[in-house]
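J.: Mind having a look at this structure? Questions to follow.
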Amino acid sequence: MNYFTTREVRLLPSFTIDVKEKEKLDYFLTILDRSNVAKILNMVKEDNTKNGGRPSFNKYYLFATILYAFAYSKGTVREIEENCQYDLRYIYLMNEYRPSYVTISRFINDYIVPYHDEIFHLITKTILEELNVDIDETFIDGTKLEARPNRYKFVYKPIKFHKRLCKNVRVLLKKLNLDNDLPFTEIFSSAIIAEKLSAFANILDKKDKDMMNEYLKFEGYLYKSLEYESKEAICGPDRNSYYKTDHDATAMTLKNDYYSGLGSSTRAAYNFQIIVSKGLAISYYLSQSRTDIKDFIPAYEKLHSYYDTYPTRICADAGYGSKYNYRYLKEHDIENYVKHQSFAGNISGRNPDRYHLDKDKNLICLNGNKGHIIESGNRHPKIAGSVFYRVDGCNSCPFVVYCKSYQKIKDEDFKVFEVDIDLAIAKREAEDNLLSIKGIELRVNRSIQVEGVFGSLKYNMGYDRFRRISTIKVETELMLKIMGHNVRKLMRYYDGDLDLQYWHAPDNIEPERRKKPSAKRLTNRVNRKKRKSPNQLSKESYRGNYKKRGVKT
């Protein structure tokens, strides 16, 4: 007897979507209408079939379906195609049209990729208005995500080999007395090599075997020079590698990769920043940088270009604490809640800075001694704006071992500090702000809000690798995933399940204070580092130990 294949025959099958789910989808479509994103879609010229007729899809329905797919699924084109066949929500959004994955992919490339930034900020502004969210307080953080290219298809910038090639060309031209008018730089262009090769061809005697060999070698240098110049042009001035299958991807060390553990080797990757306010991603920035520190200003300039305003205060981790970023905050009257690299050591007292500047720009060392400004004869251009302070009486100071731990000469009764005054003042200001009650509140919320967005993307949605190639397509994919995060927030708001009131500092909380560093503990830590562990012993000492034990080496 059949149990599974027995079905009642129905003349009109009823597969209607749930009423509440339909209301949510209608609310989502209403937000898209209010955002006026249709004007962006209308900017793209429709490519009808050559024989005339209707388009193969409705661009408004398809855009809403793609955005919804990136919010509640992985967002692959084949998965969207399958959902449009069987998922009632997608069938409702597409009004029962069944687009193929080719149609979906072509739509993303033609309609979304060229205007992805405009689309994101139009819809995000509408969501912010709907949720009554301002962007006075923002948090920024970045992460590296692996790109699509094969991990072995990397190419490094051949600067070292190019210098060696030019050196060999110079030696060969000197041997042929053709080295006149050569530039004094280590690297010169292939056009100069081609010109010298042409001059060599005019004096070439084909019957001379040695001269012919020299000519063939010179010709090989020209081909190699063209190859090196091509690779250097692809890399550009700001990076040292690219991948053969995606020239925009850069070799980076990731925090976690699924090939061989935690940051053990380089992978093709992109670095992206997300700016968050009240748990909503309000802007993003994709780059080829290996660190976050240079992406801070471009990310906030992008935010300003679309929102026409700067936030009141910015909170970020120590990866963004630099002189230029602090100066940017001061120029735009933004409250500085950005950590610097030694923030944790200063607060805990475990690894504090050797000095700080007071309100009158006086240098105060760890022992409380005041320094005085001195002149220095050797001034490097990079430190032209620095000031040198001298502190006397170091030999009687209990912090002398820690303070002079990196100096070669330790028996002098003074220490000279090179101080960038603007940076030192900005770091002290950032510390004071972060230790205040508002600073404590922002630090807690930073770990909740911006880290929460990354957690939602990577772990909840399983988004751990880019699926597209080239910067603009990767950026579009990232935009759709971040927009999907905002759409999920919007749907939770409609369900009444969204709480935008994040942690607030209670009334009885007090500002945090810096812990006083202990000279004894700091000295012990320095002395502990000087002791060599067994793994740090030289090979000779190992052999000596084995000989003492009677083991032959």
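The values are calculated or read from the model by the stated rules, or taken from the named source; none is laboratory data. Just so it is clear, the model here is predicted, and its values are computed rather than measured. A quick note on method: Cβ atoms are made from the backbone with ideal geometry, for glycine too, and the neighbour counts reach across all protein chains shown. Heads up: the accessible areas ignore ligands, DNA and RNA and are worked out on the full protein's heavy atoms, side chains in. Shrake-Rupley method; radii C 1.70, N 1.55, O 1.52, S 1.80 Å.
J.: Quick one: length gained pulling ASP181 to LYS74 fully straight, 0.36 nm per residue minus the C-alpha distance?
T.: Difference between extended and current length: 32.5 nm.
J.: Order these peptides, 106-112, 347-353, by their mean beta-carbon neighbour count within 10 angstrom, highest first.
T.: 106-112, 347-353
J.: Among the lysines, select those whose C-alpha is under 23 Å from the C-alpha of LYS153, and discard any that sit fewer than 8 residues away in the same chain.
T.: Here the lysines satisfying the reach criterion relative to LYS153 are LYS144, LYS224, LYS231, LYS244, LYS255, LYS473.
J.: Now for a different question. Sorted by average packing, counted as other Cβ atoms within 10 angstrom per residue and highest first, what order do 291-298, 305-312, 280-287, 85-92 take?
T.: Going from most to least packed, we get 280-287, 291-298, 85-92, 305-312.
J.: Further question on the same structure: For a quick check of your reading of the filter: which chymotrypsin sites (Phe, Trp or Tyr not before Pro) in region 176-214 sit in a DSSP loop and have no more than 10 other Cβ atoms within 10 Å?
T.: For chymotrypsin sites (Phe, Trp or Tyr not before Pro) across region 176-214 that sit outside H, G, I, E and B with at most 10 neighbouring Cβ atoms in 10 Å, the list reads PHE184.
J.: Arrange the peptides 67-74, 131-138 so that the one whose residues have, on average, the most other Cβ atoms within 10 Å appears first.
T.: So the peptides 67-74, 131-138, ranked by packing, come out 67-74, 131-138.
J.: Separate question: For region 450-524, with every protein chain kept in place, what is the accessible area per residue (1.4 Å probe, Å²)?
T.: Accessible area per residue: 55 Å².
J.: Using label points projected 7 Å from each Cα along Cα→Cβ, tell me how many nm separate LYS530 and HIS304, to one decimal.
T.: Placing both labels 7 Å along Cα→Cβ, they lie 5.0 nm apart.
J.: Further question: Considering only the chain, what is the antiparallel percent among its DSSP beta bridges, to the nearest 5?
T.: Once the DSSP bridges in the chain are tallied, antiparallel ones form about 80 percent.
J.: Test of understanding: extend the Cα→C-beta vector of LYS45 to 7 Å, then name every residue of region 87-111 with backbone N under 16 Å from that spot.
T.: The answer is 110-111, whose backbone nitrogens lie closer than 16 Å to the label point.
J.: For ARG34 and ARG151 in one chain, what is 0.36 nm times their gap in residues minus the Cα-Cα distance, to one decimal in nm?
T.: That works out to 37.8 nm of additional length.
J.: From the helices alone, meaning DSSP H stretches of at least four residues, give me the mean residue ellipticity at 222 nm for the chain, per-run term -39500 (n - 2.57), in deg cm²/dmol to the nearest 500.
T.: -14000 deg cm²/dmol
J.: So if we plug the beta-carbon distance of TRP503 and TYR101 into 1/(1 + (r/R0)^6) with R0 = 35 Å, what FRET efficiency do we get, rounded to 0.05?
T.: Once the sixth-power term is evaluated, E becomes 0.20.
J.: Do you know the relative contact order of the chain, to the nearest whole percent, from alpha carbon pairs under 8 angstrom that are 6+ apart?
T.: It rounds to 16 percent for the chain.
J.: Sticking with this structure for a sec: Once neighbouring chains are kept in place and the probe is 1.4 Å, which whole percent of the accessible area of the chain is contributed by carbon and sulfur?
T.: Carbon-and-sulfur percentage of accessible area, whole number: 50.
J.: Figure the gain on full extension for ASP333 and ARG521 (residue separation times 0.36 nm, minus the Cα-Cα span) and round it to one decimal in nm.
T.: Stretched fully, the ASP333-ARG521 segment lengthens by 63.7 nm.
J.: Along Cα→Cβ, 7 Å out, is where each label goes; now give me the distance between the ones at ASN132 and PHE414 in nm to one decimal.
T.: A separation of 6.4 nm, rounded to one decimal place.
J.: Pull up all non-local amide H partners of TYR284: gap of 5 or more, or a different chain, and H-to-H distance under 5 Å with H placed in the peptide plane.
T.: Residues meeting the criterion, in which the H sits 1.01 Å from N, are ILE275.
J.: Here's something else I'd like to know. Classify the chain: rounded, prolate or oblate, from the alpha-carbon gyration tensor (a ≥ b ≥ c, eigenvalue square roots; a/c under 1.5 rounded; otherwise prolate if a/b is larger than b/c)?
T.: It comes out oblate by the Cα gyration axes.
J.: If I take R0 = 45 Å and measure r between the Cβ atoms of HIS372 and LYS167 in this structure, what FRET efficiency does the formula 1/(1 + (r/R0)^6) give, to the nearest 0.05?
T.: 0.35
J.: With a cut-off of at most 12 other beta carbons within 10 Å, and DSSP calling the residue loop, which GluC sites (Glu not before Pro) in region 394-466 qualify? Please list them.
T.: Sites meeting the loop and neighbour criteria: GLU412.
J.: How much accessible area per residue does region 61-173 have, in Å², with a 1.4 Å probe?
T.: Roughly 45 Å² per residue, with all protein chains present.
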